[in-house]
1. I need the full set of residues from the stretch 142-155 which are over 14 Å from F108 (Cα atoms) and open to solvent by less than 10 Å² (accessible area, probe 1.4 Å), in order please.
2. Show the residue pairs meeting these rules: Cβ distance below 7 Å; 6+ apart or different chains; first residue within the stretch 115-138 and closer than 15 Å to W55 by Cα and of a type outside the set (F, W, Y); second residue modelled with pLDDT under 75 and open to solvent by 30 Å² or more (accessible area, probe 1.4 Å).
3. Would you be able to tell me the number of residues in the stretch 130-170 that are of a type in the set (S, T, Y) and farther than 21 Å from E62 by Cα?
4. Has the stretch 164-185 got any residue that is at pLDDT below 85, surrounded by 17 or more Cβ atoms within 10 Å (Cβ to Cβ) and in contact with a helix residue (DSSP H, G or I) (Cβ under 6 Å, 6 or more places away or on another chain)?
5. Quick check on this structure: which one of F259, F231 is open to solvent by 90 Å² or more (accessible area, probe 1.4 Å) and modelled with pLDDT of 70 or more?
Amino acid sequence: MKKKGIGIISLILIIIIAIVAGIKIKQNHDENAVQEIQPVKVSSKTVPTFFFHGWGSSWHAEDTMAQAIKRAGATNRIVRVNVNKKGHARLIGKIKKNAKNPLVEVNFSDNKLTNSQYNGQYANAYDSTGARYVKNAIDLVRNKYHYSKINIVAHSMGNLEVASYIELNAGKKNFPQIDHLVAMAGHYDRIIGICGWGGISLNAAANDPRIKATAAITMYDMPHVGAWGYFDKGTADERYQNKKQIAEQRTKEYGAGKFAKAGGCFEYPAR
């Protein structure tokens with residue numbers, strides 16, 4: 001009788017272990033499985049969406065998103081606009097008459113605004129060079145296909161160039177209606193920080209009903225960057241001298257009670 005009871009208990013334990021193992025295997029499979037992009041229902045509009053990349057980047061950073069949107073069935077046409085350092089925009093590809101939600105990947109040859117008269121003072125260069133690059137890219141497509149409405153997706157520095165474009169051109173006769181504006185790692189008045197540091201303040205955004213979602217994301221391992229530099233460039237002595245300079249600057253600022261700003265930082269309150 002005892003042997004029979006032990007056998008029943010053992011069988012129950014084996015079944016429980018098998019069930020738990022099966023659940024665990026399924027969980028691991030679900031966690032490691034590649035999520036398939038499912039087709040989505042979207043309105044078929046002929047409203048183009050312009051993608052603007054960040055500092056030091058290119059249209060390649062936009063292409064992953066654009067291709068994912070296409071695979072999801074939300075668009076059937078992707079074209080590109082190249083803007084050279086003189087501001088001349090050139091369209092690569094054609095948008096057919098029946099194109100659904102066409103996507104425009106904008107590529108700036110002057111992707112660090114080094115061609116600006118402000119010599120790296122990015123806060124001022126956005127209003128001049130950056131805004132002009134954005135305008136030329138949008139105008140090229142609109143003049144050719146006569147779009148009255150557009151959507152904009154911008155990342156990091158692209159947001160400041162777009163913001164400057166809007167500020168300088170809103171209200172003018174030929175300014176397009178912007179249906180949707182998606183700002184990734186954008187930094188504006190009272191939102192302090194830039195994408196690499198993930199130092200984005202969410203309080204102002206949380207109080208603005210026009211902003212539907214926010215996220216603080218850092219693309220860099222900043223402790224590693226501080227120790228080894230971007231892309232692990234430079235010699236050990238160069239990295240040491242850089243850290244030494246930072247330490248000396250920190251001491252100087254603490255004593256003076258005033259902090260120096262690097263290129264691209266707005267005077268506060270930002271205007």
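1. Answer for the stretch 142-155, where residues must be over 14 Å from F108 (Cα atoms) and open to solvent by less than 10 Å² (accessible area, probe 1.4 Å): I150, I152.
2. G120/G263; Q121/G263; A123/C265; A123/F266; N124/Y118; A125/Y118; T129/N115
3. Number satisfying all stated conditions: 3.
4. For the stretch 164-185, residues at pLDDT below 85, surrounded by 17 or more Cβ atoms within 10 Å (Cβ to Cβ) and in contact with a helix residue (DSSP H, G or I) (Cβ under 6 Å, 6 or more places away or on another chain): present.
5. On the way: F231 fails: modelled with pLDDT of 70 or more.
Within the list F259, F231, the selection yields F259.
The values are calculated or read from the model by the stated rules, or taken from the named source; none is laboratory data. The structure presented is a predicted model; accordingly, all values stated were derived computationally and were not measured. Don't worry about glycine lacking a Cβ; one is built from the backbone with ideal geometry, like all the others, and counts go over all protein chains shown. The accessibility values were calculated without ligands, DNA or RNA, using every heavy atom of the protein model including side chains. Shrake-Rupley method; radii C 1.70, N 1.55, O 1.52, S 1.80 Å.
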